[in-house]
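Bear in mind these aren't lab numbers, they're just calculated from the coordinates by the rules spelled out. A quick note: this is a predicted structure, and the numbers were derived from the prediction, not measured.
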Amino acid sequence: VIRTQELLDHETVPHYWLTVYATDRGVVPLSSFVEVYVEVQDVNDNAPQTSEPVYYPSVMENSPKDVSIIQIEAFDPDTKSSEKLSYKITSGNPQGFFSINPKT
């Protein structure tokens, strides 16, 4: 049985090669070895990160509808997860004055 001693992270090391030796206790010991390839499966274990921790945009009063205020960029360190990011405004918009494209 091969067990992990610590947490494994696909983004740090995606796979390992282990060499396992077996030796008997005979008068003349015999031994053999086998190579074991261990692939670390990727799971969603890292939170997305934005390029800035806080944004401070401004907008002129009486701006027309659909004026762009800011573009926020995020990155998900999990392999293949960045293409699955979605965006939404979760608070601070009770009158619905602001909207966000959920994909971009």
For K65, the lysines lying under 22 Å Cα to Cα, once residues fewer than eight places off in the same chain are dropped, come out as K88, K103
From the Cα gyration tensor of the stretch 26-104, with a ≥ b ≥ c the square roots of its eigenvalues, which class applies: rounded if a/c is under 1.5, or else prolate if a/b is larger than b/c, or else oblate? prolate
Pick from V13, V40, V28: which residue has the top mean-square fluctuation in a GNM of the chain where Cα pairs under 10 Å get a spring? V28
